[in-house]
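Report on the structure given below.
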Amino acid sequence: MSHSHLALQHLIRKIESPEYQKSRPAGPTWLADFVDRVAELFEPFVDLGRVGFECRPGVERWEISMYLGQTELVGGREDGQMRAVAFQFDLLALTRLFDRITAMQWNAFPASLPTEGEHQPEWSFVSVVGEYADAGVRLKVFGTPPEEVGPGMRQRSDGSWEPV
């Protein structure tokens with residue numbers, strides 16, 4: 001079983017939990033299927049990864065952002081450190097998920113670019129605009145999670161993993 005499947009199983013359990021169902025607005029029936037199918041395309045190189053996402057309706061289309069959450073190290077000398085998860089993402093398989101694609105871009109904003117004196121993390125993403133299940137969609141797949149998002153997984157010093 002690949003690492004992304006472990007993350008997907010956790011994502012599915014979370015989505016199906018009564019607490020999550022009550023807290024989120026109801027979306028179209030195709031939305032959960034689309035998110036699940038895109039989550040399958042993340043493949044961490046070494047560690048486990050947990051897919052994070054945000055979906056919101058826009059004027060012309062659904063806006064969907066997806067990323068792998070960071071890993072928080074627990075215990076030992078590196079206790080409390082956050083580590084980004086290196087991964088690959090199957091772009092060709094992504095294009096096959098859409099019924100139609102009208103735009104596809106890679107947007108690269110390296111951390112080394114000066115931004116008003118503040119240090120910014122790398123914030124590169126692939127953007128795909130198209131149709132899925134007769135609905136307009138703009139999907140953004142980010143290389144790093146948003147700063148305000150907590151860890152997706154915790155790795156303990158004994159080597160065990162825990163979804164957050």
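Does G130 satisfy being over 15 Å from V51 (Cα atoms), surrounded by 12 or more Cβ atoms within 10 Å (Cβ to Cβ), modelled with pLDDT of 70 or more and under 20 Å from the mean Cα position of the chain (by Cα)?
Yes; evaluated as a whole, the condition is true for this residue.
In the stretch 92-113, is there at least one residue being in contact with a Leu (Cβ under 6 Å, 6 or more places away or on another chain), at pLDDT 80 or above and exposed (fewer than 13 other Cβ atoms within 10 Å of the Cβ)? Looking through the stretch 92-113, at least one residue is in contact with a Leu (Cβ under 6 Å, 6 or more places away or on another chain), at pLDDT 80 or above and exposed (fewer than 13 other Cβ atoms within 10 Å of the Cβ). Those strands (runs of 3 or more DSSP E) of the stretch 45-89 in which at least 1 residues are at pLDDT 75 or above, considering only elements entirely within it, cover 51-57, 62-68, 87-89.
The values are calculated or read from the model by the stated rules, or taken from the named source; none is laboratory data. Here the structure is a predicted model, which means the values were calculated and not measured. So basically every Cβ, Gly included, is an ideal-geometry build from the backbone, and we count neighbours across all protein chains shown.
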